[in-house]
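Engineer: Provided herewith is a single structure, encoded as structure tokens, for subsequent inquiry.
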Amino acid sequence: MAHAHSQTRRSGPPVHWADQYADRIIAEKGPLGEQKKHFTCASGITPSGTIHIGNFREIISVDLVVRALRDAGQEVRFIYSWDDYDRFRKVPANMPNKEMLGEYMGWPITNVPDPFGELESYAARNEHDVETMLPLVGVEPEYLYQSAKYRASEYAEGIRRALESREEIRAILNEHRTEPLPADWYPVSVFSSFTKKDEITVLGWDGEWGVTYRDDQTGEEETIDLRETGLTKLPWRIDWPMRWKVEGVDFEPAGKEHHSAGGSFDTAKEISSRVYEFRAPVTFKYDFISIKGRGGKISSSTGEVIGLPEVLEVYEPEIVRYLFAGTRPNAEFAISFDLDVIKIYEDYDRTERIYLGRETVNEKRAAKERRVYELSQLPRTLEDGMPPAEDFIQIPFRTLCNYLMISAGNVDAALDRCAELDRSRHASQLPRIERRARCAWNWITGFAPEEFRFALREGGEDRVELLESERVAVSAIYAEIRDRLGEHDEKSLQERIYRIAEEAEVDKKQLFVTMYRILIGKERGPRLGGFLLTIGAERVLSILEPYCG
């Protein structure tokens, strides 16, 4: 039977954290009706450098809650704000033309040129890279560009409200500061029309729409009208709650640095309530992500980053979603590039078997695994429906790795070794299987530990010196493969090799070491019986023949 996009969670209490938050949003911010047409879920970031996989945790977390709300029959607006009107603070190490970029310190990021010389700005470069990748993992929000909104004076009312509440905001911020803000502080910054930088001093506000500032570099002064200029911007802790009000945000998570005591979420919540008369959105704190099996700490500003493109080289899109859907947001976890990759693929395949009804677990776990699997799928997979369960084919990642190494990376040749794969019957599944094979080969060639990798040797290549008893045993294995390979499965062939070792009076362990040295030039390798079956008689015989004289 084909599996549609089911809504099994509605038959009982929510089993997944995304559904639990969806229920909370509905309870606290609903119901929808004439006054409120949809729930608004928000995420966003400053495009100050390459957007790394740690940043991705926020947007995928929001996406999972958005999907849970939609599965509950709710209308949802999913917005992603690019804070591209923030100041340019630091040149990341992984950017070209660093000297050129350095000339734009203090400018709005949206005004800094693209160091690659391809797009209209540095901000657009970082935005474009993310916007082209997110659909690959089924994430498609509505993008908001804060530079455009500020420059169109869309926030003039919000800025004026902040100026009217200057003393109240200063008091709120001072509660969480070791050094209080000065009495002449204003809750606005200005990008000078003289130098383009935000190195200015606000001199005064006329009580309506006029703000006067002095450029600290040139000494020039200017009065601007908030309704007619895009030069003015609110600082982050005020900008955030102002936008909650403007966009009507019902849900937005934040990293644990924002959720620390007295952090930006605490102050934003208070400013939102007291200044903008808006109840702060439902939120949660998400933890950091580390990288295992690749060096370097993730950081946009230093350029030591692992982004979504690098992760998708090794993991299928559904497995990228699975890593986040299967982990509570407040739990730290690592995205692995070492041998754990194999286990992650195995875990995902087990979840898939539970969803398909091929593996039985207790109902509580089954309900959770089914929901994690649903949330891991791309929207088009759920819309199109999966192949019938009886036709659905899984090829384990480890098996694919072995096939690919035997086939020197040739995906077609590797898949030809899959006895369970029928290219005509499974035609619709071939793109998925080929994609997994490409991920497997990328992992083998880029990240797999040396002890895992192998390449088959040719028969005459650097022959291994054998004792007479070992030569007798290898010759017997050769004869067994030549005459009776078709009669064996992995277990029976393994047992036959044990008996050959006994008959030739060779230590069993030593015979296996000898075979691996002959086949792949190493002392260890995949389980030998299955490995010989996978390689196939013709290839094995050509490698062993020089030892059987």
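The values are calculated or read from the model by the stated rules, or taken from the named source; none is laboratory data. Treat the numbers as computed from the prediction; the structure is a model and nothing was measured. Virtual Cβ from ideal backbone geometry, glycine too; neighbours counted across all protein chains shown.
Engineer: From the list Ala183, Ala152, pick out the single residue that is under 24 Å from Thr229 (Cα atoms) and either of a type in the set (Gly, Ala, Ser) or touching a Phe, Trp or Tyr at 6+ places or on another chain (Cβ under 7 Å) (or both).
Structural biologist: Ala152
Engineer: Going residue by residue through the stretch 466-473, is there one that turns out to be closer than 29 Å to Gly409 by Cα, in contact with a helix residue (DSSP H, G or I) (Cβ under 8 Å, 6 or more places away or on another chain) and surrounded by 18 or more Cβ atoms within 10 Å (Cβ to Cβ)?
Structural biologist: Here is the first cut: in the stretch 466-473, the ones closer than 29 Å to Gly409 by Cα are none.
There is no residue in the stretch 466-473 that is closer than 29 Å to Gly409 by Cα, in contact with a helix residue (DSSP H, G or I) (Cβ under 8 Å, 6 or more places away or on another chain) and surrounded by 18 or more Cβ atoms within 10 Å (Cβ to Cβ).
Engineer: Take the residues in the stretch 257-291 that are within 30 Å of Asp340 (Cβ to Cβ) and in contact (Cβ under 8 Å) with a residue 40 or more places away in the chain, then tell me which one is surrounded by the most Cβ atoms within 10 Å (Cβ to Cβ).
Structural biologist: Tyr286
Engineer: Do the conditions hold for Gln74, that is, is it surrounded by fewer than 20 Cβ atoms within 10 Å (Cβ to Cβ), more than 30 Å from Glu199 (Cβ to Cβ), over 19 Å from the mean Cα position of the chain (by Cα) and without any contact (Cβ under 8 Å) to a residue 12 or more places away in the chain?
Structural biologist: Values: surrounded by fewer than 20 Cβ atoms within 10 Å (Cβ to Cβ): yes; more than 30 Å from Glu199 (Cβ to Cβ): yes; over 19 Å from the mean Cα position of the chain (by Cα): yes; without any contact (Cβ under 8 Å) to a residue 12 or more places away in the chain: no.
Taking the combined requirement at face value, the residue does not satisfy it.
Engineer: Yes or no: Pro47 closer than 30 Å to Tyr315 by Cα and touching a helix residue (DSSP H, G or I) at 6+ places or on another chain (Cβ under 6 Å)?
Structural biologist: yes
Engineer: Show me the helices (runs of 4 or more DSSP H) entirely contained within the stretch 362-433 in which 3 or more residues are polar (S, T, N, Q) and closer than 27 Å to Leu134 by Cα.
Structural biologist: By residue number, no helices (runs of 4 or more DSSP H) qualify.
Engineer: Moving to a separate point now. Between a residue in the stretch 88-105 that is closer than 14 Å to Phe116 by Cβ and any residue that is β-branched (Val, Ile, Thr) and modelled with pLDDT of 90 or more, which pairs come within a Cβ distance under 7 Å, given they are 6 or more apart or on different chains?
Structural biologist: Lys98/Val91; Leu101/Val91; Leu101/Val112
Engineer: Anything in the stretch 192-208 that is surrounded by fewer than 18 Cβ atoms within 10 Å (Cβ to Cβ), in a loop (DSSP other than H, G, I, E, B) and of a type outside the set (Val, Ile, Thr)? List them, or say none.
Structural biologist: Looking only at the stretch 192-208, we keep the residues that are surrounded by fewer than 18 Cβ atoms within 10 Å (Cβ to Cβ), and these are 193-196, 199, 201, 203-204, 206-208.
If we keep only those that are in a loop (DSSP other than H, G, I, E, B) as well, we get 193-196, 199, 206-208.
Passing the criteria: Ser193, Phe194, Lys196, Glu199, Asp206, Gly207, Glu208.
Yes or no, residue by residue, for (1) assigned to a strand (DSSP E or B); (2) modelled with pLDDT of 95 or more:
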{"residue": "Gln35", "(1), (2)": "no, no"}
{"residue": "Ala42", "(1), (2)": "yes, yes"}
{"residue": "Ser48", "(1), (2)": "no, no"}
{"residue": "Leu69", "(1), (2)": "no, yes"}
{"residue": "Val91", "(1), (2)": "no, no"}
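Engineer: Would you mind stating whether Trp240 is assigned to a helix (DSSP H, G or I) and closer than 30 Å to Ile335 by Cβ?
Structural biologist: Yes.
Engineer: Between a residue in the stretch 366-380 that is over 17 Å from Ile344 (Cβ atoms) and any residue that is small (Gly, Ala, Ser), which pairs come within a Cβ distance under 8 Å, given they are 6 or more apart or on different chains?
Structural biologist: These pairs meet every condition: Ala367/Gly12; Arg370/Ser6; Glu374/Ser6; Leu378/Gly138; Pro379/Gly138; Arg380/Gly138.
Engineer: Taking the condition under 43 Å from the mean Cα position of the chain (by Cα), part of a loop (DSSP other than H, G, I, E, B) and not assigned by TED's automatic domain parsing to the domain that holds Arg524, does Ala437 pass? Don't jump to the end; show me each part of the working.
Structural biologist: On the way: under 43 Å from the mean Cα position of the chain (by Cα): yes; part of a loop (DSSP other than H, G, I, E, B): no; not assigned by TED's automatic domain parsing to the domain that holds Arg524: yes.
It is false that Ala437 is under 43 Å from the mean Cα position of the chain (by Cα), part of a loop (DSSP other than H, G, I, E, B) and not assigned by TED's automatic domain parsing to the domain that holds Arg524.
Engineer: Another question, then. If you check Lys197 against the conditions, is it of a type in the set (Lys, Arg) and assigned by TED's automatic domain parsing to the domain that holds Ile224?
Structural biologist: yes
Engineer: From the list Leu493, Leu485, Leu456, Leu511, which one is at pLDDT below 95, assigned to a helix (DSSP H, G or I) and either in contact with a helix residue (DSSP H, G or I) (Cβ under 8 Å, 6 or more places away or on another chain) or crowded, with 20+ Cβ neighbours inside 10 Å (or both)?
Structural biologist: Values: Leu493 fails: at pLDDT below 95; Leu456 fails: assigned to a helix (DSSP H, G or I); Leu511 fails: at pLDDT below 95.
Of the residues listed, the single one that is at pLDDT below 95, assigned to a helix (DSSP H, G or I) and either in contact with a helix residue (DSSP H, G or I) (Cβ under 8 Å, 6 or more places away or on another chain) or crowded, with 20+ Cβ neighbours inside 10 Å (or both) is Leu485.
Engineer: While we're here: Report whether or not Arg370 is within 28 Å of the chain's Cα centre (by Cα), loosely packed, with under 13 Cβ neighbours inside 10 Å and either at pLDDT 95 or above or closer than 20 Å to Pro317 by Cβ (or both).
Structural biologist: Here the answer is no, as Arg370 does not meet what is asked.
Engineer: I need the full set of residues from the stretch 406-444 which are touching a residue at least 24 places away in the same chain (Cβ under 8 Å) and within 20 Å of Phe531 (Cβ to Cβ), in order please.
Structural biologist: Ile406, Ala408, Gly409, Val411, Arg417, Glu420, Leu421, Ala437, Ala440, Trp441, Trp443, Ile444
Engineer: From the set of residues in the stretch 514-549 that are without any contact (Cβ under 8 Å) to a residue 24 or more places away in the chain and in a helix (DSSP H, G or I), which is surrounded by the most Cβ atoms within 10 Å (Cβ to Cβ)?
Structural biologist: Filtering first and then ranking leaves Tyr516.
Engineer: Restricting attention to the stretch 96-106, which residues are surrounded by fewer than 18 Cβ atoms within 10 Å (Cβ to Cβ), assigned to a loop (DSSP other than H, G, I, E, B) and not acidic (Asp, Glu)? Full working, then the answer.
Structural biologist: Taking the stretch 96-106 and keeping what is surrounded by fewer than 18 Cβ atoms within 10 Å (Cβ to Cβ), we get 96-100, 102-103, 105-106.
This time we only want the ones that are assigned to a loop (DSSP other than H, G, I, E, B), so: 96-97, 103, 105-106.
Matches in the stretch 96-106: Pro96, Asn97, Met105, Gly106.
Engineer: So, Asn55, is that one over 24 Å from Phe284 (Cα atoms) and polar (S, T, N, Q) or not?
Structural biologist: Criteria not met by Asn55.
Engineer: List the number of the failed condition for Thr132; all other conditions in (1) touching a residue at least 24 places away in the same chain (Cβ under 8 Å); (2) β-branched (Val, Ile, Thr); (3) in a helix (DSSP H, G or I); (4) out of contact with any strand residue (DSSP E or B) (no Cβ under 7 Å at 6 or more places or on another chain) hold.
Structural biologist: All conditions are met except number (1).
Engineer: Sticking with this one: Which residues, taken from the stretch 17-50, are over 29 Å from Trp236 (Cβ atoms) and either buried (at least 23 other Cβ atoms within 10 Å of the Cβ) or of a type in the set (Asp, Glu) (or both)?
Structural biologist: Asp19, Asp23, Glu34
Engineer: Taking Tyr322, is it modelled with pLDDT under 95, within 23 Å of Tyr373 (Cα to Cα) and within 17 Å of the chain's Cα centre (by Cα)?
Structural biologist: Considered against the rule, which asks whether it is modelled with pLDDT under 95, within 23 Å of Tyr373 (Cα to Cα) and within 17 Å of the chain's Cα centre (by Cα), Tyr322 comes out as no.
Engineer: Sticking with this one: Please specify each residue of the stretch 496-508 satisfying the condition of being small (Gly, Ala, Ser) and assigned to a loop (DSSP other than H, G, I, E, B). Write out each step before concluding.
Structural biologist: Taking the stretch 496-508 first, the residues small (Gly, Ala, Ser) are 501, 504.
Scanning the stretch 496-508 gives a single hit, Ala504.
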